[in-house]
Each structure stands twice: as C-alpha cells, then as structure tokens.
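Values in this text are rule-based calculations from the coordinates and carry no lab data. Please read these numbers as outputs of a predicted model, since none were measured by experiment. All Cβ positions, even for glycine, are placed from backbone atoms using ideal geometry, and neighbour counts span all protein chains on display.
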Amino acid sequence: MKIIRDNQVVVTGLAAISAAGVGTAALLEALGDKESRLRPVPESILGVPGHKWGKAESFRAADFMPPMKARKFDRCSLFAVAAAGMALKDAVIEPVRLDPTRIGIVLGCGFGGIANSEEFLRGFFRSGAEGMIPMLFPNTVPNAPASNASIEHNLQGPNVTLIQRFCSAETALLMAQRFLEEDRADIILTGGVDELTPVMLQGFRATGQLRGFGGGFGEGAGMLVLERSRHALQRGAHIKATLGQVRTIGRLLPDDGGEGASRLLPAGLPVSLISLSGSAVTEKRLVERLPYAELLETGPLLGRSLAMGGLAMTALVLGLKDGDKGLHLAASPEGPYFAIDFKGGAPVQS
Amino acid sequence: METYRIAVTGLGVLSAAGHDIPAFRESLLNGRSAIAPLDLFDVSPFSARIGAQVKGYEPLDYFAADKIAKLSRADQFGVIAAGEALNNSGIRSYYSPYDIGVSMGAGAAGMLQAEEWLQSGMSGNRPSPSLLRGLLPDRTSTAIASIYNLAGYQGSITTACSSSATAIGWGSDLVATGRLKAVICGGSDCLSRLTFAGFNSLRVVDTEPCAPFSLGRQGISLGEGAAFLVLENEQEAKRRGAVIYGYILGYGCGGEAFHMTAPEPSGSSAARVMCAALASAGVTSEEVGWVNAHGTGTPFNDVVETKAMKLVFKERCRAVPLISIKAMVGHCLGAAGAIEALATIIALNAGMIPQTLNFRGADQECDLDYCHDGPKISAASLALSNSFAFGGNITSLVISR
C-alpha cells in the first residue's frame, strides 16, 4: 500500500445551513452576537412546554432546485445537495470543468434516512403491502444525502458516509484527509448533515436524551471543501485554512495514567481559538488540558446533532485569521473523541 | 515511499451459513445454501417469503440475560463475530487498548426493534424505550469497543451494501498509516421489516432462492449476519508469531453519480473502481485469479458487473471466474462486503473458487465463467471482492492469501 506523506490538505470552501440561517454569513452573525437561535418546540409534539430545538426554518429547497425535483429528496438530502452546491461555489469549483472522478464526498450523517424509514413503515403497518410507497425506500439509507449530492453535482470520486455518535463529521473529515493524502482525489467535500423531526424528538424523550447535554437538538449542514494544497495552488484557489493533525481515540479509559488525554491533546498546543463540539465541554480530563484560548461552541447557539461537527468546524475556520492556530475538540459520551488542528490561511511554503 | 502489507490475523463470523468460522467454512466449501423460509417476522404480505435468516440462534448462549435487552440483534451478531476474530488473533494481550480500533460497516442495525417501537406506538401503546437503543448503526461498534476494551479509533460506515467492504479497506488504511497497530473491521446487519418490505416494494426480491448470473433470475434473497477480520502490519504480526490468513493489499472506492438505485449501465464506473483497487494494491489485472462478485441476482446488476469485468480483464475476462456467494448467504446488506471478503480469504486458502449456486440456465448477457457447474480447484493467490450499493457507492477489495 502506498504511503504518500507530502500532500498537505487545505480548506478552500465552506457552507452552512442551520437554525441561524442559510449561508456562512448567517452563521458568522450568530457566532458574533452569541444569541441562541433555538426556538420552543411546539407543545403538540412533546405534549409539554419548555423544550427548544434548532430547526433550519429559513431553508427553502426551492432556492436551490426546482420544486418537482425537491419532492424526491428527504430533508437531509436537500440539506446535503444545497450545502454541497454552496461549498463548491464558495471554493470556485465547477465540477464540469474538472475531472469528476477526482472530486469526492465523505460525509458524516446522523439521522439520515430515519424520516423516510418512518414514513415508509407507517404506510406498511397501516395498510400492509398496499401501503408501501416504493419511492421512499431508496432514501431510507443513511448514505442518501451524500449520494444525492454526488448525483446532483457529478462527484464521482470517493463517496462514503459515516456515523459515530456526536463525532460523525469528524470521522468523515479524518477519512477525507487520508483520501487526499493518498491521492485518491484532488477535492473532497466533507462535514456533517442532519435533520430533526417531531418523531425523532419523541424518540429522544423516550430514551432520556432530552435531558443533559442532549437537550436542544438541531439540524442542518456544515460542509468544508478539502483540497490537496498543490491542486488548490495550481488553480489559484483562495485557501481559507490548512488542516493539520487529526488525533482520535475511541474511548477515554479510566485510570489510564492520562494516556488517552495526552494522545488526544499533547502538551504545548499553541492555539488562539478552540471549538468545542458534542459533549466535549463536559469532559473534565480533556478540558483541563486545553491551552488558554477563546472558546467557540455552536451547540448552545444552533442545537446539537450527531453530525454537528460539520457546523462547528466551519465556524472554527471562519473564525481563524491568516496564521492563527485553531483546535477543534469533539467528544461523545461513550466515545469517540477527536482533536483536530487547523491553521488559518495557506500552508507555509518550504 | 514506505510499503506495508496489511495482514489478516483474525477471522470471525455469524451467519445463516454458519455460526462460527468452522461451520461457515464447511458451508462455503461444500456449496450449501442457507436460503430458506423466514420466520423472524411476518412475511405473509409478500410474494417472496424466503431469505438467509440466522436460525438456531439463542442469545443466552452468548450473553447474560441483563445484557441482551441492551443489544439489538445486529449488535449481538457483531459482538459475537468480532469476539471470535479477536480471540482468534490474540491481539488484545499484545497491544495497548489505545492501539486497537474498530472500523465497521452497518446497515439497518437495530431497525427490527425500532419497528416494534413504532408499531406499538401506532397502536396506542407505550412501547419500551429500550427498543430504540440500537437504532443508530454506530451502536454496534460502540458495543464492540466497550465489551472488548478497545480504545483506538471508532468509526461506522453506512454506505448501504458496500458499508463493510469499505470498512475493511479503511481499516487497512488506519493500520498502514500507523494510526493503529491493529483494527477489528467488518460488518453486521440483520433482517428487518423495513428492508424486506422495501426491496419487495421495488420488486427486486426473487420468490425462489436467488440465482446470480442465471437466466430467469428475478432478484435478491435477503440475508443477515456479521463477519469481522483483524488486521495488523505484517512485520508486527510475524514478530508476535501470529497466524496470517491473508492480506488486504489495497482497495478502491468511488461514486457513480448516476442514480440512487440503478447502476451506471456501461459498467465503466464499476470498472474504474476495480482498476483503482488494483492500482492501490500495486498489482495488475493479470495477477487476479478470480473475482467475488457483488452478484445480487437482479437482472440488471449482474449484466452491469459482467460488463465491468470485460472492461477490466479484456481478452482475459473469460479466464477469470466471477462468482457470487449470495446464493449461499443471501444479500446481507451492511454485512455483505465483510462476509464475502471473509469467504474470499477462506477460499483462497483452500485453493478453490466457490460455486455460484442455484443455476437456472445460461443468460446470453452473462457470458463469463461464474462457476455455475461447481467449485473449481485453483492455485490463485489473489482475488478481488466487489461491493456495490444504493447511491452508486462502489468498493472493491484486493485480497491475497
């Protein structure tokens, strides 16, 4: 197996859809004023008041595609198709002008396909085989969002969907980075996408997820265009950030003498901006190792989701000036854990 | 540039064709199909009522009673198969828990139990929340990591029917980069009403046991199960005296960007990914002895895979058998790629190419050698294993003994 270590990976495009609105400007505004965009969950959904959620209410599929086409997609796929288009535009990439087999998509997706699964099953349980709606079934798979985005934007490179608790987007970014380093592609769209439905909230309540760090769920997409630095430089792309090390462990073992935390957060990380995602803020053993820096947390502003890391990493890159070092720390209660280094601007030429 | 070979040092399986490696091996080498009438749930609304269900499975044989409710059927399958592979390899006593990761492919996961939650709620009852515990496909990997005390990378790939093949390729990458010393990788999936009804609604389920590449084939037979491999750096495996069953030499993965359910008809996308896999492994098509097909038994997919073979192997295409074990184990969706990679390793070591069962007659559009007549003795040391999925997600693994 070939190991190529000289392919640095850079960020050349970003996209965001969230409770803050559509586009990175809306996300930046929310990060700036630090006012929560969470809104009350209608009482009819949970039967009680007091819960909040972060629905992407300003998202209109018709702004991105004809209504007839939009009808065939689930909401998660709509987010993915729209965000992929915005991210490519932000990176000034037109797939038709490049080799489509060199452009891929590796996406974290938490609840993709669940809404379609529910609707399909309701029809079946209500009316038997006569109640099945065949057109719903293909979009019950969690890879529907990434695959629909690849079909709509002609991305024929590596196409993978991952889920891993609150670190779904981070597991995707790790794979995307590796695929670029290995020269499997020149450009890969990565990040996370998720949707939030009333039945999901009812399920969260049934399993106790509306309490604690799980409270205030959200939906949307945060997408980053990762690109091999040589490719980005050759086409004169504006490089927003350089991706550094991606460190991960699956679990933080008790009584490990600090091994897990130090693997994730080695001493002497000089950073000016730290993004906390998932349940990272509750991980005392990790938080106490963080260097002093400005903290950024999208969860309380926009809501949490399994693939929220996409929005959190997008926010981090937006907040980095040229030369600034940033750290993205993500965690999930049962693991995994990720620490990802970003640096604002292009890599230093050597 | 450094070069590593990624060794397979542990094998584990739980499937309709065998609840462990010895039983699975016997079914594979003797061409014994596990497709039979289903009784896991009510299949009477459908014309197709068969599949490769894991029969004779008793959770209490493997788990304490208080643990069973916390694990979905798919989780249980995964934990059992991963446990067999881990015990077989002996890696847990050799590496730090932080150096062993989990890379798995998943599909419907705990949907079977979640369906009960939904159906019960629709009937006005208050279903047990524990039915939702395994709904998300990442639950199996978390359970494996927790039960076997593994603390390295955790990731679950959900690209439908290519999930676990990609998980194996990705697992080999995680070891090749030095990020992990060892990885348990594979997949687990179980039958559910959603997938059974869904594929029936698309009219791609055969009423008879599936007959890949045969005339008159009408579609898939669904299956369930789990398979896992332990992967390590070859030098490290040899240093610790591990048994090496084979190697993952490389893999290719790509998207067709064509259609959510229909394959790109020329086979060129599949061929591109197969060639990328060979390039990743640093081998040529001349070195490939045979190919484990995705081979679902649907009329269109089998023709497209045949076309892809012709594009990759050109004038040699009839000398490279293309076989499908789905007629034996069914289409195990999220676990299919792992079960078939495992079968490929076992067959390479046994010096044989498995038979494609259930032949119904020759199809003019499927005009290659599919080993319909019986298994073949083979000295091949290298095979490809293909996995295609909804969304045009294609993965091809290069496996050697």
Check your understanding: Which distance in Å, rounded to a whole number, links the C-alpha centroids of the stretch A:212-282 and the stretch B:203-241?
Key -> 35 Å
Check your understanding: Say R0 is 35 Å: what FRET efficiency, to the nearest 0.05, do B:His259 and B:Ser123 get from their beta-carbon distance?
Key -> 0.40
Study note, to complete from the structure: For peptide B:172-180, the mean count of other chain Cβ atoms within 10 Å per residue Cβ is 4
Review point. B:Leu311 versus A:Lys69, label points 7 Å from Cα toward the beta carbon: distance in nm?
Key: 2.4 nm
Practice item. Using only alpha carbon pairs under 8 Å that are at least six residues apart, calculate the relative contact order of chain B and give it in whole percent. Key: 23 percent
Practice item. Report, for the stretch A:99-237, the % of DSSP beta bridges that are antiparallel, rounded to 5. Key: 40 percent
Study note, to complete from the structure: Those GluC sites (Glu not before Pro) from the stretch A:1-60 that are DSSP loop and have at most 15 other Cβ neighbours within 10 Å turn out to be A:Glu35, A:Glu57
Review point. Using 7 Å Cα-to-Cβ label points, what is the A:Asn7/A:Lys284 separation (nm, one decimal)?
Key: 4.3 nm
Exercise for review: Could you pull out the GluC sites (Glu not before Pro) across the stretch B:60-131 that fall in loop regions by DSSP (anything but H, G, I, E, B) with no more than 14 other Cβ atoms inside 10 Å?
Suggested key: none
Check your understanding: Ranked from highest to lowest mean number of other Cβ atoms within 10 Å per residue, what is the order of the peptides B:266-272, B:126-132?
Key -> B:266-272, B:126-132
**Study point:** Selection of trypsin sites (Lys or Arg not before Pro), the stretch A:268-348, meeting DSSP coil and at most 14 other Cβ within 10 Å
**Key:** A:Lys321
Check your understanding: When you look at the Cβ of every residue in A:121-134, what mean number of other chain Cβ atoms sits within 10 Å?
Key -> 5
Exercise for review: List the residues of the stretch B:335-378 whose backbone N lies under 15 Å from a point placed 7 Å from the Cα of B:Ala319 along the Cα-to-Cβ direction.
Suggested key: B:369
Check your understanding: By the scheme Lys and Arg +1, Asp and Glu -1, what is the net charge of all other residues having a beta-carbon under 10 Å from that of A:Ser277?
Key -> -1
